[in-house]
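Asker: Sharing a structure below in structure tokens format, with a few things to ask.
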Amino acid sequence: MNDFSRLIPYLNKKVLISLHRHPDGDAIGSAVAVNSIIKLKGGTPTIYSQDKIPEEFNFLEGVEQIVNSIDKNEHFEMSIVVDTGSPGQLGDQFPQKENRGVLFVVDHHKTRIPFGDYEIIDSSASAVGILIEQLANQANIEISENIAKAIWCSIFSDTGGFRYSSTNSETLKCGARMLEKGADSWEAAQALYESNPAKRIQLLGEALRTLTLKHSGKIAGMYISSDMVKRVECEIDLSSGFINYARSIKGVEIAFLVRPDGEDDKYIRVSFRSIGNYPVDQVAQKFGGGGHKNAAGCRFKATIDEGMDTLFRSFEEIFKN
Ligand SMILES: [Mn+2]
């Protein structure tokens, strides 16, 4: 059990909850759950995400309160950052020291750069939602239906629907408690996995055409270009999760997906996935990113073509050694 006693006295105050860039279901679910906990404690929460929240999370009450900018002069007594192992993942408007109050980081990433005044880190937790349940219990908050749905979203999405090896008995016990408190398994599954916009599947078609297998089919790389996004007339955010198709190919041990990051095609964003013992976080770290052993990401300066080349070469190096 992790100790939240230093954080709890701030729950009835003015609090900033911050998501990481390109937030996922763990970050969003955890933040929305903390938002509800703070309200129940009589505090005033603001949830900040620089990037747009993907539509599929609209089933969570509280998501509509997430803002994408913060007034420069706004002062908070506490800031809580969830699901982030690196200060580079914070939004550009995340307040400076003088305005953010005490900074708590609640996270479960193994590879991380400490940046909080206090850090509550548990890498055995399959999702940050597991830690948020502990926070609610220690703060004497009864898990409401909202909180249960948000924590369920966090653990369900970060374990790929209870499939990844991070799924342990505590994940399922926590899940069972959330179901008892009103989480709805099909509502979440349908929202997260069964509500694809048609354009997403069209963009996937474009991306799958770029799929390249190397090193006897053990490494799979694919990319999305700005042209594809234009052709399909959609937002690049629709590509979240595409990497899983590359990883799902029989024999593939490492998969990566390259996307343009920013308007001018000068930077790329890369997602990595691996199966078994290949530590993709170490490769991501080489390029200034990080993550977990089997799921990581980074961003660096390169065109799509350069990025694909560089990454294939880095991974072939790993296989050689
Ligand atoms: Mn997470």
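The values are calculated or read from the model by the stated rules, or taken from the named source; none is laboratory data. Source: prediction; values computed, not measured. All Cβ positions, even for glycine, are placed from backbone atoms using ideal geometry, and neighbour counts span all protein chains on display. Heads up: the accessible areas ignore ligands, DNA and RNA and are worked out on the full protein's heavy atoms, side chains in. Shrake-Rupley method; radii C 1.70, N 1.55, O 1.52, S 1.80 Å.
Asker: Are any residues in the stretch 83-124 in contact with a His (Cβ under 8 Å, 6 or more places away or on another chain), of a type in the set (A, V, I, L, M) and modelled with pLDDT of 95 or more, and if so, which ones?
Answerer: Hit for the stretch 83-124 is 121, nothing else.
Here's the yes/no breakdown for (1) touching an Asp or Glu at 6+ places or on another chain (Cβ under 7 Å); (2) among the charged types (D, E, K, R); (3) open to solvent by less than 30 Å² (accessible area, probe 1.4 Å):
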| site | (1), (2), (3) |
| --- | --- |
| 175 | no, no, yes |
| 185 | no, no, no |
| 194 | no, yes, no |
| 200 | no, yes, no |
| 210 | no, no, yes |
| 222 | no, no, yes |
| 247 | no, yes, no |
| 259 | no, yes, yes |
| 264 | no, yes, no |
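Asker: Moving on to the next point. Go through (1) buried (at least 19 other Cβ atoms within 10 Å of the Cβ); (2) in a loop (DSSP other than H, G, I, E, B); (3) of a type in the set (Val, Ile, Thr); (4) within 16 Å of the ligand (Cβ to nearest atom) and name the single condition residue 70 misses.
Answerer: Unmet condition: (4).
Asker: Taking residue 283 as the residue in question, decide whether it is of a type in the set (Val, Ile, Thr), free of Cβ contacts under 8 Å to residues at least 60 places away in the same chain and buried (at least 23 other Cβ atoms within 10 Å of the Cβ).
Answerer: yes
Asker: Can you tell me which residue within the stretch 13-67, out of those that are among the aromatic types (Phe, Trp, Tyr) and under 26 Å from residue 194 (Cβ atoms), is most open to solvent (accessible area, probe 1.4 Å)?
Answerer: 59
Asker: Please find, within the stretch 32-55, the residue that is nearest to residue 190 (Cα to Cα) out of those that are within 16 Å of the ligand (Cβ to nearest atom) and part of a loop (DSSP other than H, G, I, E, B).
Answerer: 54
Asker: Right, here's the next one. Being aliphatic (A, V, I, L, M), under 17 Å from residue 62 (Cβ atoms) and in a helix (DSSP H, G or I) is the filter here; which residues of the stretch 128-150 pass it?
Answerer: Correct list: 128, 132, 135, 136, 147, 148, 150.
Asker: Which pairs do you get when a residue that is in contact (Cβ under 8 Å) with a residue 60 or more places away in the chain and under 23 Å from residue 227 (Cβ atoms), found in the stretch 292-320, comes within reach of a residue that is open to solvent by 60 Å² or more (accessible area, probe 1.4 Å) and not in a loop (DSSP other than H, G, I, E, B), reach meaning Cβ atoms under 7 angstrom, with the pair 6+ apart or on two chains?
Answerer: Final answer for the pair search is 304/223; 308/223; 312/214.
Asker: Could you go through the stretch 213-221 and let me know if any residue there is β-branched (Val, Ile, Thr) and in contact (Cβ under 8 Å) with a residue 60 or more places away in the chain.
Answerer: Within the stretch 213-221, one or more residues are β-branched (Val, Ile, Thr) and in contact (Cβ under 8 Å) with a residue 60 or more places away in the chain.
Asker: Same structure, new question: Residue 162 fails exactly one of the following numbered conditions: (1) more than 29 Å from residue 255 (Cα to Cα); (2) open to solvent by 50 Å² or more (accessible area, probe 1.4 Å); (3) not in a helix (DSSP H, G or I). What is the number of that condition?
Answerer: Unmet condition: (1).
Asker: Hey, can you tell me all the residues within the stretch 294-320 that are of a type in the set (Gly, Ala, Ser) and under 22 Å from the mean Cα position of the chain (by Cα)?
Answerer: Residues satisfying the conditions are 295, 296, 297.
Asker: Would you please name the residue that is most open to solvent (accessible area, probe 1.4 Å), looking only at residues in the stretch 97-131 that are within 10 Å of the ligand (Cβ to nearest atom) and closer than 23 Å to residue 286 by Cα?
Answerer: Here the residue is 109.
Asker: Scan the stretch 75-89 residue by residue and report those that are within 15 Å of the ligand (Cβ to nearest atom) and either part of a helix (DSSP H, G or I) or open to solvent by 20 Å² or more (accessible area, probe 1.4 Å) (or both).
Answerer: Within the stretch 75-89, 86, 89 meet the criteria.
Asker: Taking residue 149, is it within 15 Å of the ligand (Cβ to nearest atom) and open to solvent by 30 Å² or more (accessible area, probe 1.4 Å)? Steps first, answer last, please.
Answerer: Details: within 15 Å of the ligand (Cβ to nearest atom): no; open to solvent by 30 Å² or more (accessible area, probe 1.4 Å): yes.
Against the criterion (within 15 Å of the ligand (Cβ to nearest atom) and open to solvent by 30 Å² or more (accessible area, probe 1.4 Å)), residue 149 does not qualify.
Asker: Can residue 62 be described as more than 16 Å from residue 132 (Cβ to Cβ) and either among the charged types (D, E, K, R) or away from the ligand (no atom under 16 Å from the Cβ) (or both)?
Answerer: On the way: more than 16 Å from residue 132 (Cβ to Cβ): no; either among the charged types (D, E, K, R) or away from the ligand (no atom under 16 Å from the Cβ) (or both): yes.
So residue 62 does not fit the description; no.
Asker: While we're looking at this one, here's another question. Need the failing condition index for residue 138 against (1) open to solvent by less than 30 Å² (accessible area, probe 1.4 Å); (2) away from the ligand (no atom under 15 Å from the Cβ), just the number.
Answerer: For residue 138, the exception is condition (1).
Asker: Return the pair list, or none, for Cβ contacts closer than 6 Å from residues in the stretch 12-31 that are within 10 Å of the ligand (Cβ to nearest atom) and assigned to a helix (DSSP H, G or I) to residues that are open to solvent by less than 10 Å² (accessible area, probe 1.4 Å) and of a type in the set (S, T, N, Q), at least 6 apart or on different chains.
Answerer: These pairs meet every condition: 26/154; 29/154; 30/154.
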